[in-house]
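Visitor: One structure coming up, written as structure tokens, with questions to follow.
Readers should treat all values here as calculations from the given coordinates under stated rules, not as data from a laboratory. No experiment lies behind these values; they were computed from the predicted model shown. Glycine gets a Cβ as well: all are built from the backbone with ideal geometry, and neighbour counts include every protein chain shown.
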Amino acid sequence: MIKHAKWGKLALAGTVAALGWGTLTTAAQAALTIDLRHEWVDVERAHKDRVMISDRFENGLGYSVETKAKSGGDSKDTAYSEMESNGSEFSLTYQYKWTPKFSIQPGMTIEFGDGKAIYKPNLRIQYNFDNGMYAAFRYRYEYTRDNDGVTTDEHLHRYEGWLGYKINNWGFEANYIWRDSNKIRFNNQETDYEYDFKVSYAITPHWEPFVQVGNVKYTSTSDQRQTRYRIGIKYKY
């Protein structure tokens, strides 16, 4: 059973801050990004929000800090009502450019929330084409450890692919995710999937709003699906 999760979060945040400061002394900073996103799912009728701060330095080291919230109580179908925590994530990645077009990116993410911790080592590869298209794939292993000491730990394999296209100020991206777990995930099976389509537009070099529409599961024990709508904006320093 994982103990002292609160202190673990503080220690990890301190590590991220220290790594970021150390990198600033040896490499010029790339682009700090703030990502604000609001989400609505139509069957569950729930509102969720996310704030993420991320950065990558010229030496390839990157980090992100993310906090999530949701409408709670009897008002989950009302935006920003009875807000409650929905977890936090801390990530460290390293992007190695094998060639100017092909990159490899190992990373580690730790998520805390709702009495559990999730450890997510991952590896992403991406290839950028000359015409503005790009393709990426990521494998992520997710180990969920519940702090109650009773719930069975989850071991999940997540396979994720992206296909995107950028032209002028516009960005288009399709994303598909497949999960394989040791627990029931969807339709009484130990697997589930989702897919998502995103459109973004860079108003200026700093501001980039976006919209997303996705298809996700509703419950683990039925085959019912639901539509997920997301709207957000990125600000780059």
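Visitor: Could you check how many residues of region 209-237 are within 18 Å of Asp49 (Cβ to Cβ) and without any contact (Cβ under 8 Å) to a residue 60 or more places away in the chain?
Guide: Residues meeting the conditions: 6.
Visitor: Could you say whether any residue in region 182-203 is among the polar types (S, T, N, Q), under 29 Å from Tyr141 (Cα atoms), assigned to a strand (DSSP E or B) and out of contact with any strand residue (DSSP E or B) (no Cβ under 8 Å at 6 or more places or on another chain)?
Guide: Yes, the conditions are met somewhere in region 182-203.
Visitor: Is it the case that Tyr119 is in a strand (DSSP E or B), of a type in the set (Ser, Thr, Tyr) and without any contact (Cβ under 8 Å) to a residue 24 or more places away in the chain?
Guide: Against the criterion (in a strand (DSSP E or B), of a type in the set (Ser, Thr, Tyr) and without any contact (Cβ under 8 Å) to a residue 24 or more places away in the chain), Tyr119 does not qualify.
Visitor: Quickly run through region 119-133 and pick out the residues that are crowded, with 17+ Cβ neighbours inside 10 Å and more than 19 Å from Tyr63 (Cα to Cα).
Guide: Across region 119-133, the qualifying residue is only Asn128.
Visitor: Of the residues that sit in region 94-118 and are polar (S, T, N, Q) and touching a Lys or Arg at 6+ places or on another chain (Cβ under 8 Å), which one is nearest to Arg56 (Cα to Cα)?
Guide: For region 94-118, the residue satisfying everything is Gln95.
Visitor: Considering only region 169-181, state which residues are surrounded by 13 or more Cβ atoms within 10 Å (Cβ to Cβ) and farther than 20 Å from Tyr139 by Cβ.
Guide: From region 169-181, those surrounded by 13 or more Cβ atoms within 10 Å (Cβ to Cβ) are 171-181; that's our starting set.
Of everything in region 169-181, those that are surrounded by 13 or more Cβ atoms within 10 Å (Cβ to Cβ) and farther than 20 Å from Tyr139 by Cβ turn out to be Gly171, Phe172.
Visitor: Quick check on my filter: what residues within region 143-162 are of a type outside the set (Gly, Ala, Ser) and either closer than 30 Å to Asn128 by Cβ or in a loop (DSSP other than H, G, I, E, B) (or both)?
Guide: Of everything in region 143-162, those that are of a type outside the set (Gly, Ala, Ser) and either closer than 30 Å to Asn128 by Cβ or in a loop (DSSP other than H, G, I, E, B) (or both) turn out to be Asn147, Asp148, Val150, Thr151, Thr152, Asp153, Leu156, His157, Arg158, Tyr159, Glu160, Trp162.
Visitor: Have a look at Glu173, Glu142, Glu160 and point out the one that is without any contact (Cβ under 8 Å) to a residue 24 or more places away in the chain and of a type in the set (Asp, Glu).
Guide: Within the list Glu173, Glu142, Glu160, the selection yields Glu160.
Visitor: Can you spot a residue in region 56-64 that is among the charged types (D, E, K, R) and without any contact (Cβ under 8 Å) to a residue 24 or more places away in the chain?
Guide: No.
Visitor: Further question: Sort out which residues of region 220-237 are under 17 Å from Arg45 (Cβ atoms), surrounded by 15 or more Cβ atoms within 10 Å (Cβ to Cβ) and of a type outside the set (Lys, Arg), and write them in order of number.
Guide: Residue satisfying the conditions is Gln226 alone.
Visitor: Here is a further query. Within region 120-138, can one find any residue that is of a type outside the set (S, T, N, Q) and at positive phi?
Guide: Yes, region 120-138 contains a residue that is of a type outside the set (S, T, N, Q) and at positive phi.
Visitor: Something else about it: Out of curiosity, is Tyr165 under 27 Å from Ser200 (Cβ atoms), over 18 Å from the mean Cα position of the chain (by Cα) and either part of a strand (DSSP E or B) or of a type in the set (Phe, Trp, Tyr) (or both)?
Guide: Yes.
Visitor: Let me ask you something else. Checking Asp148 against (1) of a type in the set (Asp, Glu); (2) exposed (fewer than 14 other Cβ atoms within 10 Å of the Cβ); (3) within 15 Å of the chain's Cα centre (by Cα), which test does it fail?
Guide: (3)
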